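Before any comments, here is the structure.
Taken together, the values in this text are just the output of simple stated rules run on the coordinates, not laboratory data. Please read these numbers as outputs of a predicted model, since none were measured by experiment. Positions of Cβ are backbone-derived with ideal geometry, glycine not excepted, and every protein chain shown enters the neighbour counts.
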Amino acid sequence: MRNNVWPTKYVPVKFETNRTDDDQLRSSFLLVDTSVSSAYMLFNDEDDGFRITWITPFHSNDDGKSISLPCHKIKAARNDIITATTDDNTWEECLSDPCTGLVHQNEKDGGTTDDTSNENIRIAYEVYLHVDALLIDILARRQKSSSMFKMSPYQSDTVVFIPNFYYNLISVSEDGLNATIVIVFSNKEKMMMQSSSSNSSNNNKKKKLPASLGVVISFGIFTQSYDELKWFQNPSCYDDISMKRWCNSLALNWRMKECGVGVFCLESQSPFMDNWVGTTHERNTDEDLEDDYNEDVWRKYCSEKPDATTTPPPPKDISMSSLYPHCDVITNRAVYDAIPVKRISCRKSSIDLVYG
């Protein structure tokens with residue numbers, strides 16, 4: 001859930017259009033500059049991709065304007081990777097008391113509601129990001145240029161085959177125009193083809209193919225273009241559980257590099273650390289955030305780890321607040337675990353509440 005909410009500078013606003021060509025999605029909205037207002041993008045996982053929802057505190061689209069959108073190197077051959085939603089009843093308004101958290105009853109339920117301000121948040125726009133369509137586009141293009149994908153079973157003139165895949169959202173750019181996504185997919189069909197070919201020709205000297213492949217993509221939400229940032233391969237991810245675990249590990253590793261936390265806070269580290277994934281915690285406290293970026297804390301660990309016969313534990317767990325500062329997970333773990341609360345600190349204030 002931490003990586004599902006991101007602030008954005010631009011918000012698409014609907015307007016009427018009569019166009020029916022491939023550019024209908026792009027011509028059906030204006031982008032509003034929200035530099036003076038807080039606006040957010042919510043990515044809701046829908047199994048084959050994300051429903052992206054823009055949430056804003058304003059109602060006017062007077063500032064809507066057409067902007068020049070940067071395009072990535074690869075323009076998708078498909079135009080259905082991003083599609084506009086047609087259902088308008090996805091969300092229901094639910095009001096709660098800011099002090100107690102109690103939900104106000106609706107009038108239709110026999111209760112009454114207080115007068116609310118016109119400054120309530122609103123759903124500005126929604127689209128679907130179809131990760132399965134993006135994967136098909138990648139495979140279809142790759143089989144024409146890459147030796148790994150030649151004679152691929154993933155696509156032909158008569159049938160489109162989608163391998164078993166998993167994906168994860170790594171991050172969203174500050175302007176909200178680009179999303180970084182990792183996709184991993186099974187390669188067992190290609191392995192079966194190689195095995196069959198080897199048995200028929202009695203040639204067992206061919207290089208063994210990886211069980212799964214992965215790729216990190218920088219995707220332009222409004223341009224349907226993308227860059228392949230890095231490819232990965234895994235020799236042992238044969239089942240769904242291991243593929244999903246590997247996908248999450250790649251996403252966490254990439255995000256830690258982006259944020260420069262843990263071993264990646266050092267200007268130079270051993271190549272041995274390139275695939276490092278630190279353990280994390282969700283304690284929702286700022287007391288140890290600075291240590292996530294503290295070079296003195298991590299320098300000794302990095303120097304000892306390559307020479308250690310046994311893997312030493314990292315000096316600390318990485319706070320999820322360092323990786324995803326825009327979304328906090330609120331729990332009452334301290335209550336049901338009967339953990340005494342001696343201090344409550346504020347993330348954006350110097351005020352502390354100390355008991356005892």
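Please work out how much length the chain gains when fully extended from Arg245 to Lys208, using 0.36 nm per residue of separation minus the C-alpha to C-alpha distance, in nm with one decimal. If you can, show how the numbers build up before the last one.
Details: separation 37, 0.36 × 37 = 13.32 nm, distance 2.24 nm.
Using 0.36 nm per residue and subtracting the Cα-Cα distance, I get 11.1 nm.
Simple spin-label model, 7 Å along Cα-to-Cβ: Glu92 to Lys9 in nm?
Result for the modelled spin labels: 3.8 nm.
Spelling out what I want: for every residue of the range 253-259, take phi, set θ = phi - 60°, compute 6.51 cos²θ - 1.76 cosθ + 1.60 (Karplus), and round to whole Hz; glycine and proline get x.
Residue by residue, the range 253-259 yields 4, 5, 5, 5, 5, 4, 8 Hz.
Would you mind checking Lys75/Lys244; Lys75/Lys316; Lys73/Lys316; Lys208/Lys257 for any pair whose Cα atoms are more than 32 angstrom apart? Walk me through the numbers on the way to the answer.
Numbers: Lys75/Lys244 28 Å; Lys75/Lys316 42 Å; Lys73/Lys316 39 Å; Lys208/Lys257 30 Å.
With Cα atoms farther than 32 Å apart: Lys75/Lys316; Lys73/Lys316.
What FRET efficiency do you get for Asn79 and Asp296 if R0 is 51 Å and r is their Cβ-Cβ distance, rounded to the nearest 0.05?
0.50
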